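Colleague: One structure is given below, represented as structure tokens, and several questions about it will come after.
The values are calculated or read from the model by the stated rules, or taken from the named source; none is laboratory data. Fair warning: this is a prediction, and the values are worked out from it, not measured in the lab. Positions of Cβ are generated from backbone atoms using ideal geometry, with glycine treated the same way; all protein chains shown enter the neighbour counts. These accessible areas exclude ligands, DNA and RNA; they are computed on the full protein's heavy atoms, side chains included. Shrake-Rupley method; radii C 1.70, N 1.55, O 1.52, S 1.80 Å.
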Amino acid sequence: MRKNVLLTIAYDGAGFHGWQRQPSELTVQGYLERVMSGLFKTEIVLNGTSRTDAGVHAYGQRASFRAELGIPTEKIPMVVNNALSGAQKGAYAISPVRILEAEDMPEEFHARFDSVGKQYIYHIRNSQSVNVFDRNYVYHVKEQLDVDAMAEGARHLVGTHDFKSFEASGGNPRETTVRTIYDAVIDAQESTDPMGHSGRDIKLYIKGDGFLYNMVRIITGTLVDLGLGKIAPEEMENIISTADRRCAGHTAPPYGLYLAEVFYDISKLQD
């Protein structure tokens with residue numbers, strides 16, 4: 001029986017050139033499609049929700065595919081994860097990609113086109129000392145950041161605005177750069193890393209109906225510039241209204257960015 005299956009996928013993006021399939025580069029989509037096609041003895045084509053860039057991670061990427069499968073849908077994560085681990089070198093190797101959940105969907109469902117929004121989390125490590133083991137997973141900022149200024153700036157993002165100031169060049173052309181941000185929250189916690197270095201873990205939680213190319217990374221870079229005193233928090237409104245990329249801050253690196261959740265229920269997006 002032909003199924004339309006929705007997967008929830010987590011991955012460590014450090015070793016991949018992004019999500020989207022590329023002919024000569026290792027990508028998450030290409031890697032998963034190759035392993036799953038060999039496992040199920042049929043061509044698997046994944047329709048991913050977010051085309052995360054090289055180095056970006058995911059707690060909850062979503063992708064759908066249609067295929068005739070000889071196993072129950074609920075067993076897909078187990079068999080695919082076993083195959084992914086088997087593709088790694090070493091008896092105890094763990095795959096950088098893991099299927100968290102699989103569920104049957106109606107025939108007309110499409111993971112990308114039926115999505116109503118996403119949440120991203122951006123991780124910043126604010127400390128004098130650098131932990132080498134964090135290098136692929138956080139944006140390390142040595143200078144003390146004013147978290148209150150960052151939080152105030154983030155509040156200006158909430159609502160429906162033209163976010164062209166936070167769009168990088170080079171992405172696919174968009175019909176409109178207007179997006180709705182439902183929540184943008186800065187959270188900071190004092191912590192000590194495994195190397196004994198004290199500092200703060202600062203996270204941006206941002207939820208919206210859609211995001212432009214590099215939008216979250218440019219927003220994060222702008223908030224870091226606010227935290228460093230390079231931009232005043234009240235300037236955020238003006239940065240938005242100019243619709244000019246040159247008015248926003250720097251682009252934060254990809255390795256601190258995590259796709260946290262994809263929404264298909266508008267009420268959950270708005271919570």
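Colleague: Right, Gly55: open to solvent by less than 30 Å² (accessible area, probe 1.4 Å), at positive phi and touching a helix residue (DSSP H, G or I) at 6+ places or on another chain (Cβ under 8 Å) or not?
Modeller: It is true that Gly55 is open to solvent by less than 30 Å² (accessible area, probe 1.4 Å), at positive phi and touching a helix residue (DSSP H, G or I) at 6+ places or on another chain (Cβ under 8 Å).
Colleague: Can you list the strands (runs of 3 or more DSSP E) found entirely within the range 53-136 that contain at least 3 residues being within 16 Å of Gln29 (Cβ to Cβ)?
Modeller: 57-68, 97-104
Colleague: Listed residues Arg125, Arg179; which is farther than 25 Å from Thr242 by Cα, touching a helix residue (DSSP H, G or I) at 6+ places or on another chain (Cβ under 8 Å), surrounded by 17 or more Cβ atoms within 10 Å (Cβ to Cβ) and among the charged types (D, E, K, R)?
Modeller: Among Arg125, Arg179, only Arg125 is farther than 25 Å from Thr242 by Cα, touching a helix residue (DSSP H, G or I) at 6+ places or on another chain (Cβ under 8 Å), surrounded by 17 or more Cβ atoms within 10 Å (Cβ to Cβ) and among the charged types (D, E, K, R).
Colleague: Then there is this: Filtering the range 102-122 down to residues that are aliphatic (A, V, I, L, M) and under 17 Å from the mean Cα position of the chain (by Cα), which residue is surrounded by the most Cβ atoms within 10 Å (Cβ to Cβ)?
Modeller: Ala111
Colleague: Turning to a different aspect of this structure: Please determine, by comparing only the residues of the range 156-175 that are surrounded by 14 or more Cβ atoms within 10 Å (Cβ to Cβ) and not hydrophobic (A, V, I, L, M, F, W, C), which one is nearest to the chain's Cα centre (by Cα).
Modeller: So the residue we want is Glu167.
Colleague: Ser64 - would you say it is polar (S, T, N, Q), open to solvent by 20 Å² or more (accessible area, probe 1.4 Å) and within 18 Å of the chain's Cα centre (by Cα)?
Modeller: Here the answer is no, as Ser64 does not meet what is asked.
Yes/no per residue for (1) modelled with pLDDT of 95 or more; (2) touching a helix residue (DSSP H, G or I) at 6+ places or on another chain (Cβ under 6 Å); (3) aliphatic (A, V, I, L, M):
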{"position": "Leu7", "(1), (2), (3)": "yes, no, yes"}
{"position": "Tyr11", "(1), (2), (3)": "yes, yes, no"}
{"position": "Gln29", "(1), (2), (3)": "yes, no, no"}
{"position": "Val45", "(1), (2), (3)": "yes, no, yes"}
{"position": "Gly70", "(1), (2), (3)": "no, no, no"}
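Colleague: Something else now. With the condition kept exactly as written, say whether any residue in the range 207-219 is more than 23 Å from Asp148 (Cα to Cα) and among the aromatic types (Phe, Trp, Tyr).
Modeller: Within the range 207-219, one or more residues are more than 23 Å from Asp148 (Cα to Cα) and among the aromatic types (Phe, Trp, Tyr).
Colleague: Identify the residue in the range 131-143 that is of a type outside the set (D, E, K, R) and loosely packed, with under 14 Cβ neighbours inside 10 Å and, among all such residues, is nearest to Asp271 (Cα to Cα).
Modeller: Phe133
Colleague: Looking at Tyr213, Tyr255 in this structure, which one is open to solvent by 60 Å² or more (accessible area, probe 1.4 Å) and in a loop (DSSP other than H, G, I, E, B)?
Modeller: Tyr213
Colleague: Has the range 68-83 got any residue that is open to solvent by 50 Å² or more (accessible area, probe 1.4 Å), of a type in the set (Asp, Glu) and free of Cβ contacts under 8 Å to residues at least 40 places away in the same chain?
Modeller: yes
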